[in-house]
Amino acid sequence: MAIVDDLSEARAVLGDLVAGAGRVVVFTGAGISTESGIPDFRSPGGIWSQREPVYYDDFLASEEARLEDWHRRFDMRRLLETARPNAAHRAIAGLIKSGIASHVITQNIDGLHQRSGVPDDRLIELHGNATTAGCLDCGAPMTLDEARVELEASGHAPRCFSCGGLVKARVISFGQPMPVREMERAEIATGDCDLFVAVGSSLVVYPAAGFPLAAKRNGATLVIVNRDPTEQDQVADYVLRGAIGPIFEPLSVGEA
Ligand code: NAD
Ligand code: ZN
């Protein structure tokens, strides 16, 4: 394992690895979006570090937990709508566009990869997307605007217009089963790459954090780009330590 903490060296290592790779998969976590103004999960001061998450079982069991979850969704919405993709999102979209990267696997729920131009068939959102909602029973969609109107009119957590089931933001909460199709897509993409780049994740949330390990087991080169040490630095081939935007910026310029 090589740790690189000098910016120009990190840029050179990333550029060389990408240029020499056959097929790249990029895996992202909350750290890629902090430079877009969205706090991450574990750094001090992050909005999640101040409040316990609402667990899936509590959402199912308790109206109070559902209302708390909805209020947090509405609060976060403003933040997500005003955030803009940064240099790293743009560089990664460029790698997809040029065919160098096959897929982006993300733990993020902020929708910034879509907005930077990664098409749906190249994007795997393991933890869903906070910009929409849906019925947990029949899957019928509900917009956040509709959910808000329902909640404000009734004082209760919104219920499905078709079947009366519980409606929830389309994110995977702690304790909620992972989406089967997205997990399958991520497994296939991981198995097919020869360079796996894990960006902005502390690599502690499983099963998502299993993908870098699986890529390495399959013989891919594993690169971790992150400011702080991660759980998997020891198994990585390269650890590029520093701010994500600046490390990716030259790739972004190259793709513009
Ligand atoms: P995490 O908060 O556990 O780890 C983020 C890592 O990124 C940290 O190690 C931190 O050092 C690093 N980092 C932050 N800003 C950086 C920067 N500018 N440059 C370099 N490194 C930087 O995040 P995680 O591993 O993705 O796990 C958090 C979970 O919470 C995920 O499952 C995700 O679904 C959810 N979440 C999503 C968002 C989002 O959608 N943007 C935000 C917070 C949490
Ligand atoms: Zn329904």
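Observations on the model:
- For the condition over 25 Å from Ala91 (Cα atoms) and at pLDDT below 95, Ile47 qualifies.
Okay, residues lined up against (1) of a type in the set (S, T, N, Q); (2) touching a Leu at 6+ places or on another chain (Cβ under 8 Å); (3) surrounded by fewer than 16 Cβ atoms within 10 Å (Cβ to Cβ); (4) in a helix (DSSP H, G or I):
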{"residue": "Asp121", "(1), (2), (3), (4)": "no, no, yes, yes"}
{"residue": "Thr131", "(1), (2), (3), (4)": "yes, yes, no, no"}
{"residue": "Asp145", "(1), (2), (3), (4)": "no, no, yes, yes"}
{"residue": "Val149", "(1), (2), (3), (4)": "no, no, yes, yes"}
{"residue": "Ala153", "(1), (2), (3), (4)": "no, no, yes, yes"}
{"residue": "Ala157", "(1), (2), (3), (4)": "no, yes, no, no"}
{"residue": "Ser162", "(1), (2), (3), (4)": "yes, no, yes, no"}
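- Within the range 143-158, tally of residues that are within 16 Å of ligand 2 (Cβ to nearest atom) and under 22 Å from the mean Cα position of the chain (by Cα): 1
This table checks each residue for (1) under 20 Å from Glu187 (Cβ atoms); (2) of a type outside the set (Ser, Thr, Tyr); (3) modelled with pLDDT under 95.
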{"position": "Leu79", "(1), (2), (3)": "no, yes, yes"}
{"position": "His89", "(1), (2), (3)": "no, yes, no"}
{"position": "Val104", "(1), (2), (3)": "yes, yes, no"}
{"position": "Gly111", "(1), (2), (3)": "no, yes, no"}
{"position": "Val118", "(1), (2), (3)": "yes, yes, no"}
{"position": "Glu125", "(1), (2), (3)": "yes, yes, no"}
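- Strands (runs of 3 or more DSSP E) enclosed by the range 181-256 - at least 1 residues per element that are under 20 Å from Leu123 (Cα atoms) and more than 8 Å from ligand 1 (Cβ to nearest atom): 195-199, 221-226
- Ser43 more than 21 Å from Gln176 (Cβ to Cβ), among the hydroxyl-bearing types (Ser, Thr, Tyr) and part of a loop (DSSP other than H, G, I, E, B): yes
- Criterion (more than 28 Å from Arg148 (Cβ to Cβ), assigned to a helix (DSSP H, G or I) and touching a residue at least 24 places away in the same chain (Cβ under 8 Å)) met by exactly one of Arg90, Arg77: Arg90
- Qualifying positions in the range 190-201 - within 12 Å of the chain's Cα centre (by Cα) and either surrounded by fewer than 23 Cβ atoms within 10 Å (Cβ to Cβ) or hydrophobic (A, V, I, L, M, F, W, C) (or both): Ala198, Val199
- Selection status of Pro53, of a type outside the set (D, E, K, R), within 12 Å of ligand 1 (Cβ to nearest atom) and closer than 16 Å to Phe174 by Cβ: yes
The values are calculated or read from the model by the stated rules, or taken from the named source; none is laboratory data. Remember, predicted model here, so these are calculated numbers, not experimental data. Glycine gets a Cβ as well: all are built from the backbone with ideal geometry, and neighbour counts include every protein chain shown.
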